[in-house]
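Each remark here refers to the structure printed beneath this line.
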Amino acid sequence: MCLSTMRTINYHPETPSLQMIDQRQLPAKLDVLQLNTIDEVIHAIRDMAVRGAPAIGITAAFALALAARLSDADDLDGWKQDLGDAAQRLSEARPTAVNLRWAIDRMLGLATSFQDIALDSARDKMDQLAQRMADEDVEINRRMAAHGARLLEARATVIHHCNTGALAAVDYGTALGVIRYAHESGKSIHVLVDETRPRLQGARLTAWELEQYGISYDVICDSASGFFLQRGEVDAVFVGADRIAANGDVANKIGTYMLALAARDSGVPFYCVAPRSTFDPDVAQGADISIEQRQASEVLALRLGERPIAPEGASARNPAFDITPYRLVEAFVTEYGLIHPPFITNIPATFKEGQP
Ligand code: MRU
């Protein structure tokens, strides 16, 4: 079993169940989790068995298809009520990635549109929409990758933060998808992989993916990226996003802001790769985005061999995301192509007029 022959998340209406790669186990082992209830899905999202904005969104879509099958309501109103309850609980699983709400709204929009339809056929249509959203996600990632890869020369060194690859989506990935596409088109790409404390998505997941694709890389401490940028060893920075405000401010994995500052100071372009579903026109600016605060234990649990990294009883703070101001972003790479500043006008113009 390897990543290039499987998707991160799958749905099986006949069981009914979701199957997903358990990202908590990587890189030690490639385990597949089977989830049969909405509570199990919520736990998998909260505990980060599945993570990454697009992957969380599609998981929620599949979970609502699952809820549609699990509901024992015998009429359409009761069934819609059960779906509404499941949607409410799912939407609270993690607050920052807007893809979660986007996917739930799209699935609920279909469910609430049903009138005079047999429940079996309503369930089939929910399955079909969720599956279509998963297929679209893969297709969108490939389009973004093709647009983004043009930004890279035949030989390039790139800094990448967190994990934005196939694991963070259904397949292929966003920022890591760009790197993968460039590599597959014959370019010589070297990746400096930010380890991404505290959950180490870079060291554990991105490095594991790069091994599978045969792309050259070095894992670096998050705090080392400024060093390499300043020495002129880096051509570009590529990151993903969990939510992008109307003005272009980016919520992404903690540490992205410092990376963007160092890139700007060194004159290195900072690109953010994200599908339309990550742009949230309802949020005016980054300061209005809800930032997930996770347990202190995630920061303190790391050990140096057998030894703890902090004194017993130490306290810690653990914001999972930060905000990179729009002025530090060179361009967004989307399935519609690149979006350049001024973002406040170019984001809506691209999505209104652009054809993916
Ligand atoms: O906490 P995580 O691992 O879910 O955070 C993931 C990120 O911040 C990614 O950069 C973002 O979701 C984009 S993934 C395509």
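The values are calculated or read from the model by the stated rules, or taken from the named source; none is laboratory data. Please read all numbers here as calculations on a predicted model, not as lab measurements. Ideal geometry is used to build each Cβ from the backbone, glycine not excepted, and the neighbour counts take in all protein chains shown.
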What single numbered condition from (1) assigned to a loop (DSSP other than H, G, I, E, B); (2) at pLDDT 95 or above; (3) not polar (S, T, N, Q) fails to hold for Pro356? (2)
Mind listing whichever residues of the range 1-35 are assigned to a loop (DSSP other than H, G, I, E, B) and touching a helix residue (DSSP H, G or I) at 6+ places or on another chain (Cβ under 7 Å)? Cys2, Thr8, Pro13, Pro16, Gln23, Leu26, Pro27
What number of residues within the range 298-307 are surrounded by 10 or more Cβ atoms within 10 Å (Cβ to Cβ) and modelled with pLDDT under 95? 2
Please determine whether any residue of the range 269-281 is more than 10 Å from the ligand (Cβ to nearest atom), over 25 Å from Ile140 (Cα atoms) and either touching a residue at least 24 places away in the same chain (Cβ under 8 Å) or not small (Gly, Ala, Ser) (or both). no
Would it be correct to say that Asp120 is over 17 Å from the mean Cα position of the chain (by Cα) and modelled with pLDDT of 95 or more? yes
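Matching residues to (1) touching a His at 6+ places or on another chain (Cβ under 9 Å); (2) over 22 Å from Pro325 (Cα atoms); (3) aliphatic (A, V, I, L, M):
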{"residue": "Ala203", "(1), (2), (3)": "no, yes, yes"}
{"residue": "Gly214", "(1), (2), (3)": "yes, yes, no"}
{"residue": "Cys221", "(1), (2), (3)": "no, yes, no"}
{"residue": "Val283", "(1), (2), (3)": "no, no, yes"}
Criterion: away from the ligand (no atom under 16 Å from the Cβ), in contact (Cβ under 8 Å) with a residue 24 or more places away in the chain and of a type outside the set (A, V, I, L, M, F, W, C) - qualifying residue of Pro27, Pro16: Pro16
Would you check which residues across the range 231-247 are near the ligand (Cβ under 10 Å from one of its atoms), in contact with a Leu (Cβ under 9 Å, 6 or more places away or on another chain) and assigned to a loop (DSSP other than H, G, I, E, B) and list them? Gly240
Give Gly84, Gly57 a once-over and let me know the one that is in contact with a Ser or Thr (Cβ under 8 Å, 6 or more places away or on another chain) and at pLDDT 95 or above. Gly57
Which of the residues spanning the range 161-188 are in a strand (DSSP E or B) and surrounded by fewer than 24 Cβ atoms within 10 Å (Cβ to Cβ)? Ser188
Residue pairs meeting the criteria (Cβ under 8 Å; at least 6 apart or on separate chains; first surrounded by fewer than 17 Cβ atoms within 10 Å (Cβ to Cβ), in the range 310-330; second assigned to a helix (DSSP H, G or I) and among the β-branched types (Val, Ile, Thr)): Ala316/Val299; Arg317/Val299
Positions within the range 85-116 being buried (at least 16 other Cβ atoms within 10 Å of the Cβ) and away from the ligand (no atom under 16 Å from the Cβ), in sequence order: Ala86, Ala87, Ile104, Arg106, Met107, Leu108, Leu110, Ala111, Phe114
Of the numbered conditions (1) crowded, with 24+ Cβ neighbours inside 10 Å; (2) under 16 Å from the mean Cα position of the chain (by Cα), Val158 satisfies every one except a single condition; which is it? (2)
